[in-house]
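Have a look at the structure below, then the notes.
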Amino acid sequence: MTRPIRVGVQLPEVERQVRWSELLDMARAIDDLGFDGIWVGEHLLYRWPDQPPRGPWEAWSLMAALAATTTHATIGPLVACTSFHNPALLAKQAATIDEIADGRFVLGLGAGWNETEFRAFGFPFDHRVDRFEEAFTIIRTLLREGAIDFAGRFYEARDCELLPRTRPGGPPLLIGSNGPRMLRIALPHSHAWNTWYADTGNRPDGVAPLRAVVDLACRDVGREPAEIRRTVAVHVRLPGGRGRTMGDPSTTDRIVPLEGSPEQMAEELSAYAAAGVDEIQAVLDPIDRPSIERFAAVLPLIDAG
């Protein structure tokens, strides 16, 4: 049976401090219960005026460990910030995790937005889209072709080879942006697009305007819109949820989380499929194993249509 919409779960970020043993337990539950994806945010540090700072674990180390300890679900960053990495080395990291995961890795990429972590960790915050364009050129060329000789304004990869090679063509690329220029840079070479629930209003009917933006960008770069898979994060509240700690709290008050019975949630997730979405990434509140187990009740309902 082919599920009409893939359903993944994002692991905790800064909702609370979560140790590796609990992260592993949650990831194995996601894998064993039949979810389709395990997603990890890539951030370094959040600061707010009214509460202590928080930071998640380093995403690439975490994804490598998850790749070695799960067997079915795809694994990927939602999304990796290219400015945090030397792009040629990031391509090598992606190929290595794809190998560990036996071809279950999805490489989500974006330009980043949280100035706090850029400044704190010494990464330049200026020209983010220009930097992304050069980094993306190096990353996708190494993964697709295995070699590049590139000298740009911000990055170099001179006579660079990616060895050993992963599966032919490398892992699929996902672009996490709604910006017209970012889309036109990435869509000629990407397999999928992602948007966050704040951009859809956390509603299936909020997808159509963004789909139109992606469709237009596809046509502008010579791609058929149907060639790009659409993925959307969805904020889901389960028993015990008290609101999600977010890096950007500015949208918290206007977002109504998806909640209700498994039948009600499955119906709304199916509405995302009807809106042309291929996969949702559930951002659960609370995010713990009991919530993952409760949310898994939607899977057979979605499968049954």
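A compact table of results
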read-out: Selection from the stretch 70-92 of residues that are among the hydroxyl-bearing types (Ser, Thr, Tyr) and open to solvent by less than 20 Å² (accessible area, probe 1.4 Å); value: 70, 82, 83
read-out: All helices (runs of 4 or more DSSP H) inside the stretch 196-305 with 3 or more residues being under 25 Å from residue 185 (Cβ atoms); value: 197-200, 207-220
read-out: Any hit, the stretch 139-159, residues being modelled with pLDDT under 95, more than 28 Å from residue 45 (Cβ to Cβ) and surrounded by 17 or more Cβ atoms within 10 Å (Cβ to Cβ); value: no
read-out: Members of the stretch 145-161 that are of a type outside the set (Phe, Trp, Tyr) and in contact with a helix residue (DSSP H, G or I) (Cβ under 6 Å, 6 or more places away or on another chain); value: 148, 152, 157, 160
read-out: Candidates 76, 103, filtered to the one that is assigned to a loop (DSSP other than H, G, I, E, B) and under 25 Å from residue 278 (Cα atoms); value: 103
read-out: Among (1) surrounded by fewer than 18 Cβ atoms within 10 Å (Cβ to Cβ); (2) β-branched (Val, Ile, Thr); (3) under 30 Å from residue 54 (Cβ atoms) - the single one residue 287 does not satisfy; value: (1)
read-out: Filtered residue count, the stretch 201-226, keeping only those that are open to solvent by less than 10 Å² (accessible area, probe 1.4 Å) and farther than 19 Å from residue 140 by Cβ; value: 2
read-out: Members of the stretch 240-263 found to be open to solvent by 40 Å² or more (accessible area, probe 1.4 Å) and either at pLDDT below 95 or touching a Cys at 6+ places or on another chain (Cβ under 7 Å) (or both), listed by number; value: 240, 242, 248, 249, 250, 252, 253, 254, 256
read-out: Any pair with Cβ under 9 angstrom, 6 or more apart, that starts in the stretch 257-276 at a residue that is on the phi > 0 side of the Ramachandran plot and in contact (Cβ under 8 Å) with a residue 12 or more places away in the chain and ends at one that is buried (at least 18 other Cβ atoms within 10 Å of the Cβ) and not basic (Lys, Arg); value: 276/207
read-out: Qualifying position, being under 23 Å from residue 185 (Cβ atoms) and either part of a helix (DSSP H, G or I) or open to solvent by 30 Å² or more (accessible area, probe 1.4 Å) (or both), among 67, 95; value: 95
read-out: Condition check for residue 296: within 22 Å of residue 242 (Cα to Cα) and touching a residue at least 40 places away in the same chain (Cβ under 8 Å); value: yes
read-out: Residue in the stretch 24-45 that is surrounded by the fewest Cβ atoms within 10 Å (Cβ to Cβ), counting only those that are more than 17 Å from residue 295 (Cα to Cα) and touching a residue at least 40 places away in the same chain (Cβ under 8 Å); value: 24
read-out: Output for the stretch 290-305, where each listed residue is within 22 Å of residue 239 (Cβ to Cβ) and open to solvent by 30 Å² or more (accessible area, probe 1.4 Å); value: 290, 293, 294, 297, 300, 301
read-out: Subset of the stretch 98-127 that is within 16 Å of the chain's Cα centre (by Cα) and among the aliphatic types (A, V, I, L, M) - its residue that is surrounded by the most Cβ atoms within 10 Å (Cβ to Cβ); value: 109
read-out: Selected residue [at pLDDT 95 or above and either over 20 Å from the mean Cα position of the chain (by Cα) or among the acidic types (Asp, Glu) (or both)] from 304, 273, 233, 297; value: 297
read-out: Tally of residues being assigned to a helix (DSSP H, G or I) and among the aliphatic types (A, V, I, L, M) across the stretch 115-160; value: 7
read-out: Selection from the stretch 161-178 of residues that are touching a residue at least 60 places away in the same chain (Cβ under 8 Å), part of a loop (DSSP other than H, G, I, E, B) and within 21 Å of residue 217 (Cβ to Cβ); value: 172, 177
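Conditions tested, residue by residue: (1) of a type outside the set (A, V, I, L, M, F, W, C); (2) in contact with a Pro (Cβ under 7 Å, 6 or more places away or on another chain).
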{"residue": "40", "(1), (2)": "no, yes"}
{"residue": "44", "(1), (2)": "no, no"}
{"residue": "52", "(1), (2)": "yes, no"}
{"residue": "59", "(1), (2)": "no, yes"}
{"residue": "71", "(1), (2)": "yes, no"}
{"residue": "80", "(1), (2)": "no, no"}
{"residue": "86", "(1), (2)": "yes, no"}
{"residue": "104", "(1), (2)": "yes, no"}
{"residue": "108", "(1), (2)": "yes, yes"}
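The values are calculated or read from the model by the stated rules, or taken from the named source; none is laboratory data. Keep in mind that what you see is a predicted model, and the values were worked out from it rather than measured. Here the Cβ is made from the backbone with ideal geometry for all residues, glycine too, and neighbour counts use every protein chain on show. Just the protein is used for accessible areas: all its heavy atoms, side chains included, with ligands, DNA and RNA removed. Shrake-Rupley method; radii C 1.70, N 1.55, O 1.52, S 1.80 Å.
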